[in-house]
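Below you'll find the structure, written out as structure tokens, and then a few comments.
The values are calculated or read from the model by the stated rules, or taken from the named source; none is laboratory data. Given the structure is predicted, the values throughout are model-derived calculations rather than measurements. Here the Cβ positions follow ideal geometry from the backbone for every residue, glycine too, while neighbour counts run over all protein chains shown.
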Amino acid sequence: MLSGIPGTSGYLDDIMIMGRSPTELQDRVCAVLKRLQEYGFHLRADKCQFFLESIKYLGFIFDATGRHPDPENIRAI
């Protein structure tokens, strides 16, 4: 469903959208929202997060410099 939209990744019911600039990110968010509408999907606003500098996801932290292990998980080991 997300094929053809650069900077997007889907896993189960999660979608991550990345961009190098705020404008690029906004364009990609709009493209994803349009695609979701075309496929008849609905989003829950309370579960959405937009325009974050970094996120914790699946044991990693994703930010402008890449993907890093979550320090909380490393401490647990």
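What the table below lists for this structure:
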read-out	value
Qualifying residues in the range 42-67 (those that are in contact (Cβ under 8 Å) with a residue 24 or more places away in the chain and under 15 Å from residue 10 (Cβ atoms)) - the one surrounded by the fewest Cβ atoms within 10 Å (Cβ to Cβ)	58
Close pairs (7 angstrom Cβ cut-off, 6 or more residues apart or separate chains): within 13 Å of residue 63 (Cα to Cα) in the range 18-29, in a helix (DSSP H, G or I) anywhere	19/25; 19/28
Residue list for the range 11-40, restricted to those being among the aromatic types (Phe, Trp, Tyr) and modelled with pLDDT under 95	11
Residue 27 being out of contact with any strand residue (DSSP E or B) (no Cβ under 9 Å at 6 or more places or on another chain) and within 20 Å of residue 10 (Cβ to Cβ)	yes
Members of the range 30-59 that are in contact with a strand residue (DSSP E or B) (Cβ under 8 Å, 6 or more places away or on another chain) and among the acidic types (Asp, Glu)	53
When residues of the range 14-41 are limited to those that are within 27 Å of residue 71 (Cα to Cα) and in contact with a Lys or Arg (Cβ under 9 Å, 6 or more places away or on another chain), the one surrounded by the most Cβ atoms within 10 Å (Cβ to Cβ)	17
Residues located in the range 13-44, provided they are under 17 Å from residue 55 (Cα atoms) and in a loop (DSSP other than H, G, I, E, B)	13, 18, 19, 20, 21
Residue satisfying condition, being among the aromatic types (Phe, Trp, Tyr), at pLDDT below 95, within 12 Å of the chain's Cα centre (by Cα) and not in a loop (DSSP other than H, G, I, E, B), within set 50, 62	62
